[in-house]
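Asker: Below you will find the structure I want to go over with you.
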Amino acid sequence: MRVVDDTGEALVTACAPGAQARWPALYAQARAEGDRAVRTEAFDAMATGEWELAAGAWQETDLLLWKPPTSWFSVNAFFVPDGDGRRLRNWYVNFEHPTRRTEAGFDTLDLTVDLVIAPDLTRWEWKDEDEYAHVRRLGIVSDTEDQAVDDARGEVLAMLTDRSGVFAQAERWAAWRWEPAWPTPRLPLAVAAAERVAPEGG
């Protein structure tokens with residue numbers, strides 16, 4: 001990720017196709033094969049507290065990510081090719097742990113459930129509720145975290161209704177574009193070489 005803005009209001013980062021990534025090996029397999037059953041296996045592996053990582057690269061979309069410092073969600077904007085330029089495909093709210101800054105960057109944890117929003121903010125739908133129910137059964141998401149997600153859902157829907165938060169500047173962010181002169185993001189060497197991840201306390 002590339003830092004676009006970093007204020008008390010939000011950490012704004014961006015990504016472009018080709019950016020280096022490390023993600024759970026089973027998740028990478030599920031993406032490659034289009035097999036949601038393998039995604040379920042990935043969550044089962046997460047429940048053990050440790051999972052294998054595989055090298056990957058961000059593909060297809062430019063991403064702009066807006067994350068308030070203590071929020072249990074991030075608001076993402078996905079941009080796709082459109083003629084000679086790019087256009088906003090959709091907004092995407094990812095429910096996740098609040099950001100924890102580290103020497104290497106920042107940490108969070110995806111809590112699986114998402115909200116997909118039309119570019120003009122007039123329509124939205126929940127995504128991956130089945131996977132959220134599964135990680136709840138596995139204990140990956142605790143009762144305390146579940147309550148935080150419920151509160152965050154209400155906060156995001158209120159932002160949509162009131163056009164507040166990031167949505168108060170929706171037109172500005174929808175017009176954002178990745179600068180061609182920016183280098184493709186690369187991982188720090190220690191992260192790029194990592195093979196396993198164990199969450200804090202795991």
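Asker: Rounded, prolate or oblate: which fits the stretch 74-138 when a ≥ b ≥ c are the square roots of the eigenvalues of the alpha-carbon gyration tensor, with rounded for a/c under 1.5 and prolate only if a/b beats b/c?
Answerer: On the way: a/c = 2.78, a/b = 1.33, b/c = 2.09.
It comes out oblate by the Cα gyration axes.
Asker: Quick one: what are the phi-derived ³J(HN,Hα) couplings along the stretch 156-167, Karplus 6.51/-1.76/1.60 with θ = phi - 60°, whole Hz, x for glycine and proline?
Answerer: 5, 5, 5, 4, 5, 5, 8, 6, 10, x, 4, 6
Asker: With charges set only on the Cβ (+1 for Lys and Arg, -1 for Asp and Glu), what does the dipole of the chain come to about its Cα centre, in debye to the nearest 20?
Answerer: Numbers: 21 positive and 35 negative charges, 118 e Å.
Computed about the Cα centre, the dipole is about 560 debye.
Asker: Please list, by residue number, every one of the trypsin sites (Lys or Arg not before Pro) in the stretch 34-130 that is coil in DSSP and has at most 10 other beta-carbon atoms within 10 Å. Walk me through the numbers before you get to the answer.
Answerer: Working: sites: Arg36, Arg39, Arg86, Arg87, Arg89, Arg100, Arg101, Arg123, Lys127; in loops: Arg123.
Filter output for the stretch 34-130: Arg123.
Asker: So, with a 1.4 angstrom probe, what is the percent of accessible area on the stretch 1-51 that is carbon and sulfur? Write down the numbers at each step before the final one.
Answerer: On the way: 1270 of 2600 Å².
C and S atoms contribute 49 percent here.
Asker: Taking H placed 1.01 Å from N in the peptide plane, check which residues at least 5 places from Val141 or on another chain put their amide H under 5 Å from its amide H.
Answerer: Arg136
Asker: Something else: Could you run the Karplus curve 6.51 cos²θ - 1.76 cosθ + 1.60 with θ = phi - 60° over the stretch 95-108 and give me ³J(HN,Hα) per residue in whole Hz, x for Gly and Pro?
Answerer: 8, 7, 5, x, 5, 10, 6, 9, 5, 8, x, 8, 10, 8
Asker: For Arg163 and Asp44, compute 0.36 nm times the residue count separating them, minus their Cα-Cα distance, and round to one decimal in nm. Mind dumping the intermediate values first?
Answerer: Numbers: separation 119, 0.36 × 119 = 42.84 nm, distance 3.77 nm.
Between Arg163 and Asp44, full extension yields an extra 39.1 nm.
Asker: At a 1.4 Å probe radius, which order do Arg153, Arg31 fall into by accessible area, largest first? Walk me through the numbers before you get to the answer.
Answerer: Values: Arg153 35, Arg31 125 Å².
These residues rank, largest area first, as Arg31, Arg153.
Asker: So, one more: Work out from phi, with θ = phi - 60° and the Karplus expression 6.51 cos²θ - 1.76 cosθ + 1.60, the ³J(HN,Hα) of each residue of the stretch 2-11, listed in order in whole Hz, and give x for Gly and Pro.
Answerer: Values, residue by residue: 10, 6, 9, 7, 8, 10, x, 6, 6, 9 Hz.
Asker: Can you give the accessible area per residue of the chain, in Å², using a 1.4 Å probe? Before the final figure, lay out each step's value.
Answerer: Numbers: 11010 Å² over 202 residues.
The answer is 54 Å² per residue.
Asker: Sequence-distant or interchain residues sharing an amide H contact under 5 Å with Arg89, placed H: which?
Answerer: For Arg89, the qualifying residues are Phe78, Phe79, Val80.
Asker: Mind putting a number on the dipole of the stretch 97-140 about its Cα centre? Charges go on the C-beta only, +1 for Lys and Arg and -1 for Asp and Glu, and I need it in Debye to the nearest 20. It would help to have the intermediate numbers written out before the result.
Answerer: Working: 6 positive and 10 negative charges, 39 e Å.
Dipole size: approximately 180 debye.
Asker: Moving to a separate point now. Roughly what would the spin-label model give for Ala32 and Val80, points 7 Å off Cα along C-beta, in nm?
Answerer: 2.4 nm
Asker: Non-local amide H neighbours of Thr99 (under 5 Å, H modeled in plane, Pro and chain starts lacking H): which ones?
Answerer: Residues meeting the amide H criterion: Ser71.
Asker: Would you work out the charge dipole size for the stretch 1-55 about its Cα centre, treating the Cβ of every Lys and Arg as +1 and the Cβ of every Asp and Glu as -1, and quote it to the nearest 20 debye? It would help to have the intermediate numbers written out before the result.
Answerer: Values: 5 positive and 9 negative charges, 37 e Å.
Computed about the Cα centre, the dipole is about 180 debye.
Asker: While we're here: At a 10 angstrom cut-off on C-beta neighbours, averaged per residue, how do the peptides 137-147, 43-53, 70-80 rank from highest to lowest? Working shown, then result.
Answerer: Values: 137-147: 13.1, 43-53: 15.5, 70-80: 19.9.
Top of the packing list down: 70-80, 43-53, 137-147.
The values are calculated or read from the model by the stated rules, or taken from the named source; none is laboratory data. From a predicted model like this one, the values you see are computed outputs, not experimental measurements. Cβ coordinates were reconstructed from backbone atoms using ideal geometry, including for glycine residues, and neighbour counts include every protein chain displayed. Surface areas here come from the heavy atoms of the whole protein model, side chains and all, with no ligands, DNA or RNA. Shrake-Rupley method; radii C 1.70, N 1.55, O 1.52, S 1.80 Å.
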